[in-house]
Amino acid sequence: MKTIISSMSCVCSLGTTLEEISDNIYNKVSVPTHITTRFESSYKNDYPVYLVPEKLLSQKKEDESYGFLFVRTCVEQALQQAKLSKQDLQKYRVGIILGTSVNASFNCFDFYKQYKKNEVSSYWDLVDYFSYSLTERLQKYLSVSGLHATITTACASSTDAIGIAGQWIQQDLCDIVICGGTDELNIIPYTGFIKLLIAGKNPCSPFSKNRGGINIGEGCGILVLEKEEIFKQRNIENAGYVLGYGNCCDGYHPTTPAPDGIGLKNAVMHAMKDAGIKKENIAFINAHGTGTHDNDLTESKVFNELLKDVPVMASKSHTGHTLGAAGAIEAVLSLIALNKKEIPKAANFKEFDEEINFVPVLENTKTEKHVALSDSLAFGGVNSVIILGDKNA
């Protein structure tokens with residue numbers, strides 16, 4: 001699979017434009033903040049989060065979620081970068097595939113609270129919940145009608161969305177696919193990770209000894225994939241390539257990866273075979289790296305077995321865990337690093353862990369290679385991997 005990425009965009013705690021994020025990931029000290037608005041929680045002063053900047057949050061329309069605001073913003077930026085207008089899209093078979101957790105599962109909580117108190121005045125909120133589709137809403141916004149799917153494989157959702165989007169192009173099902181993922185800060189996953197005892201009270205420190213756990217984040221990442229003959233009609237530079245995709249469910253436990261990493265190991269091998277690459281070709285791994293004990297330990301076993309000595313990038317030390325959006329945001333950050341030929345340093349790393357037996361990249365580090373591997377581990381035993389190439393891969 002070698003599929004052209006004509007453009008990309010992202011919003012997250014690092015910024016609201018590609019230029020801002022590209023600068024901040026190398027030069028800004030990422031610090032999570034405590035919740036002051038959005039929802040009330042007795043935990044809000046104890047467990048910090050990584051929020052999208054207020055300058056974007058304030059632009060939310062009354063009839064949209066923050067998650068859709070992030071998608072709308074990213075898609076507009078990506079289409080502008082790709083020199084594609086909404087009118088241009090009408091000429092092609094345009095697919096949309098997005099990953100999410102909150103925008104598919106948790107957007108009826110206010111109704112639920114009203115129902116429990118016997119205070120429901122209208123059931124239309126419930127009707128809207130059952131009929132809502134993130135990708136259908138984006139289709140209507142763009143006035144397109146091709147293939148669409150909303151992927152909800154928990155924290156691997158948008159990695160799967162990108163991999164499947166590449167397959168849609170390769171199988172000639174679409175001319176253009178808008179893919180990626182979005183998620184917003186929400187009380188259910190925020191409280192849920194705390195109740196599971198895997199949320200951190202200090203900034204996320206992936207692969208560090210005595211790491212404290214997850215900091216929830218929010219944001220969106222979008223890639224525009226195209227058939228080569230469509231892309232060549234416009235005189236623009238590509239953003240990179242999707243080279244391979246692998247997915248494997250280990251079915252070990254609802255919330256814990258298989259300790260031996262068998263699911264991730266299979267997903268890595270499938271993705272590398274799909275891309276036709278070897279370990280020696282890989283510039284870096286953009287790890288799932290949540291900063292929890294079990295996740296980081298499982299990843300380390302696989303990396304040490306299959307990808308020994310390949311540098312490890314720890315994106316979530318900058319963005320927090322953006323749930324269903326994580327894979328897409330990390331894909332964009334990987335492409336930024338590949339095209340800049342520089343791997344950004346991890347934040348918050350404290351101490352070497354003998355069980356992990358490696359440290360993530362701790363200084364901004366130059367690379368001459370053209371390919372990166374990005375992996376996502378998710379509840380339900382899902383393991384997803386994509387191989388990305390820079391614009392010259």
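The values are calculated or read from the model by the stated rules, or taken from the named source; none is laboratory data. Keep in mind it's a predicted model, so treat the numbers as computed, not measured. So basically every Cβ, Gly included, is an ideal-geometry build from the backbone, and we count neighbours across all protein chains shown. The protein model used for the area step is the full one, side chains on, heavy atoms only, and it has no ligands, DNA or RNA in it. Shrake-Rupley method; radii C 1.70, N 1.55, O 1.52, S 1.80 Å.
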Members of region 165-193 found to be of a type in the set (A, V, I, L, M, F, W, C) and over 26 Å from ILE214 (Cβ atoms), listed by number: ALA165, TRP168, ILE169, LEU173, CYS174, ILE176, VAL177, ILE178
So which pairs qualify, if the first residue must be in region 339-363 and of a type in the set (Asp, Glu), the second must be part of a strand (DSSP E or B) and open to solvent by less than 60 Å² (accessible area, probe 1.4 Å), the Cβ gap must be under 8 Å, and the two must be at least 6 apart or on different chains? GLU342/THR365
Scan the helices (runs of 4 or more DSSP H) fully inside region 63-109 and keep the ones with 1 or more residues being among the hydroxyl-bearing types (Ser, Thr, Tyr), crowded, with 17+ Cβ neighbours inside 10 Å and in contact (Cβ under 8 Å) with a residue 12 or more places away in the chain. 66-81
Keeping to region 221-234, report how many residues are assigned to a loop (DSSP other than H, G, I, E, B) and touching a residue at least 24 places away in the same chain (Cβ under 8 Å). 2
Can you name every residue in region 24-62 that is open to solvent by less than 70 Å² (accessible area, probe 1.4 Å), hydrophobic (A, V, I, L, M, F, W, C) and either without any contact (Cβ under 8 Å) to a residue 60 or more places away in the chain or outside any helix (DSSP H, G or I) (or both)? ILE35, PHE39, VAL49, LEU51, VAL52, LEU56, LEU57
Looking at region 115-126 only, could you name the residues that are assigned to a helix (DSSP H, G or I) and either at pLDDT 95 or above or open to solvent by less than 70 Å² (accessible area, probe 1.4 Å) (or both)? LEU126
Please state which of the following conditions VAL75 fails to meet, knowing it meets all the rest: (1) within 21 Å of the chain's Cα centre (by Cα); (2) at positive phi. (2)
Subset of region 11-23 (residues that are touching a residue at least 24 places away in the same chain (Cβ under 8 Å), assigned to a helix (DSSP H, G or I) and open to solvent by 10 Å² or more (accessible area, probe 1.4 Å)): LEU18, SER22
Within region 73-81, does at least one residue satisfy the condition of being in contact with a Gly (Cβ under 6 Å, 6 or more places away or on another chain) and of a type outside the set (Ser, Thr, Tyr)? no
Would it be correct to say that LEU185 is at negative phi and free of Cβ contacts under 8 Å to residues at least 60 places away in the same chain? no
Looking at region 328-347, which of the residues that are in a loop (DSSP other than H, G, I, E, B) and open to solvent by less than 40 Å² (accessible area, probe 1.4 Å) is nearest to LEU377 (Cα to Cα)? ALA346
